[in-house]
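Read through the structure below, which is laid out as structure tokens, and then see the notes.
The values are calculated or read from the model by the stated rules, or taken from the named source; none is laboratory data. Nothing here was measured: the structure is a model prediction, and the numbers come from that model. Quick reminder, even Gly has a Cβ in these numbers, built from the backbone with ideal geometry, and neighbours come from all protein chains shown. For the accessible areas, the whole protein counts, side chains as well, though only heavy atoms, and no ligand, DNA or RNA atoms are used. Shrake-Rupley method; radii C 1.70, N 1.55, O 1.52, S 1.80 Å.
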Amino acid sequence: MVSNFSKTTAPDGESCQSLRHFLALLEPQERCAVTARREDYLLSAMVEQLEGEKRFPVMELTDPDTGGRTVCNIFASRDRLKRVIHHVTDVEEQAERFQDLEFVDSAPVQEVVLTGEAVDVTALPVFRHFEGDAGRYITSGVVIARDPENGRCNLSFHRMQLKERDRIGISLHSRGDLWRYFNAAAGQGRNLEIAVVIGAHPAYYITGASKIPPSQDDYSWAAAYMDRPAQVIRGRTVDIPVPAFAEYVLEGRILAGVNEDEGPFGEYTGYSTSRSTRNVFQVTAITHRRDPIYQDLVPGFAWEHLLLSQFTKEIILLHKLQREIPGVKALNMPKCGCHFHAYLSMDQQMEGQARQVAMLLFGLDLYLKLIIVVDGDVDVFSEEEVLWAAATHVQADRDVFIVPRVVCNRLDPSCVDGMSDKMCIDATSAPGERERRVTLPEAVRARAADLLNGKENAR
């Protein structure tokens, strides 16, 4: 049953660092509330239906039997995130202001603490998302671990398959910082302590999807995105600080020398993959709020899955390009490219500059394998305009170049041993030779709109 998602009011004293405070800021048109029993595949099907209608509200599913709430689709709107995320272009500099964590002695996330035999991750309201999935997966868990060399905290995403009461399959196939930390611990015969946050302010999620310099603690980026020090509390069974106002935290260890099958799982490419490091996360504690909200992130080719990491990446990469090359205007990584395509607009100052900016962008983001560069007056957020520019400006022998065998993301189904060819299409006009686009007077356009909307009678 679909119902009106009334304006949420954050409880008195609710921190602005919480998921609940974020939900309270949403306008009614940004919400879609449904009452239905929790059912595998249901969230994925509803989000797919909404995307087909070009609608991207935050979904809230309430189970009538338990009263339990699940939210998803939070990251499906750039405009929504722009309202709550600060200091994106200068986040690295701003993070220096927030190197110190703000510890608290008690916090909502530890209102309920389950340890020992009371730990049961299979009781969490976790969904199975696609028919090809090996089981029910936690998709919205932000993994927090400490760098064994300096103690800094790292936030990252890893798929997690529920297996037993206190056992979760986890894959570290992104080969990022967590993979490095785990191998360092395992090399000494030690397990790696982690905490997994489920349900938190969007800043923590965007941080987990951001590429952060190893010299900075990831919490400092979350704090910069929120524009205030991160409030945390110490874990109950692990030496890791966790967000004080999170909904759930799972504490435990990734086991050294233990591997079990995990997957397949529906990844952002739209394909199921069994690629996995087959690691095991043993849970030692579950802490949560008294009335927790479970946050889900629909995986696969869902827009929120893709935009979560692209939202800040587009802005940060654009800022870096603009600092190096004059005339760069806008950057879009379209959904259809599932992290592998980029559309870039610029006013080219000299011949060859479009190729220069494309090579720089390839170097900054290993995921990319196709870049289309267009003139500055082309809207890169309109694929129709981008492809029109390609149709009217490109001769393949002159305007396409390929860089063979470059490192790429291994989840690309077409890659070979982690390598991919990179292609740039230069759809810009030659400097000084731009054709004049057809135009209309703005006043006439405005009158035409009024006539068609019934605001003026035709004469």
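The residue of region 434-459 that is modelled with the highest pLDDT, among those that are over 40 Å from the mean Cα position of the chain (by Cα) and part of a loop (DSSP other than H, G, I, E, B), is 441. Among the conditions (1) closer than 30 Å to residue 274 by Cβ; (2) free of Cβ contacts under 8 Å to residues at least 40 places away in the same chain, the only one that residue 384 does not satisfy is (1).
Considering only residues that are of a type in the set (Ser, Thr, Tyr) and assigned to a loop (DSSP other than H, G, I, E, B), which ones fall in region 62-96?
If the condition is that a residue be of a type in the set (Ser, Thr, Tyr) and assigned to a loop (DSSP other than H, G, I, E, B), then 66, 77, 89 are the ones that fit.
In this structure, does residue 441 turn out to be of a type outside the set (D, E, K, R), out of contact with any strand residue (DSSP E or B) (no Cβ under 9 Å at 6 or more places or on another chain) and in contact (Cβ under 8 Å) with a residue 24 or more places away in the chain? So residue 441 does not fit the description; no. All conditions in (1) more than 23 Å from the chain's Cα centre (by Cα); (2) basic (Lys, Arg); (3) open to solvent by 30 Å² or more (accessible area, probe 1.4 Å) hold for residue 422, with the sole exception of (3).
For region 235-253, a residue qualifies if it is of a type in the set (Gly, Ala, Ser) and open to solvent by less than 10 Å² (accessible area, probe 1.4 Å), and the qualifying residues are 244, 246, 252.
Looking only at residues that are in a helix (DSSP H, G or I) and among the β-branched types (Val, Ile, Thr) in region 102-149, which one is surrounded by the fewest Cβ atoms within 10 Å (Cβ to Cβ)? It would help to see each step written out before you state the result.
Within region 102-149, the first condition is being in a helix (DSSP H, G or I), and the residues that meet it are 108-110, 116-118, 121-123.
Subset that is among the β-branched types (Val, Ile, Thr): 109, 121-122.
Details: 109: 26, 121: 23, 122: 14.
Step by step, filter region 102-149, then rank; the result is 122.
Checked against the criterion of being on the phi > 0 side of the Ramachandran plot and open to solvent by less than 10 Å² (accessible area, probe 1.4 Å), region 340-348 contains not a single residue that satisfies it. Among the residues of region 393-419, count how many are open to solvent by less than 80 Å² (accessible area, probe 1.4 Å) and outside any loop (DSSP other than H, G, I, E, B). So the count comes out to 8. Is it true that residue 38 is open to solvent by 20 Å² or more (accessible area, probe 1.4 Å) and in a helix (DSSP H, G or I)? No. Scanning region 325-373 for residues being at pLDDT 90 or above, charged (D, E, K, R) and not in a loop (DSSP other than H, G, I, E, B) gives a total of 2. Please verify whether residue 280 is surrounded by 18 or more Cβ atoms within 10 Å (Cβ to Cβ) and in a strand (DSSP E or B), treating the condition exactly as stated. Here the answer is yes, as residue 280 does meet what is asked.
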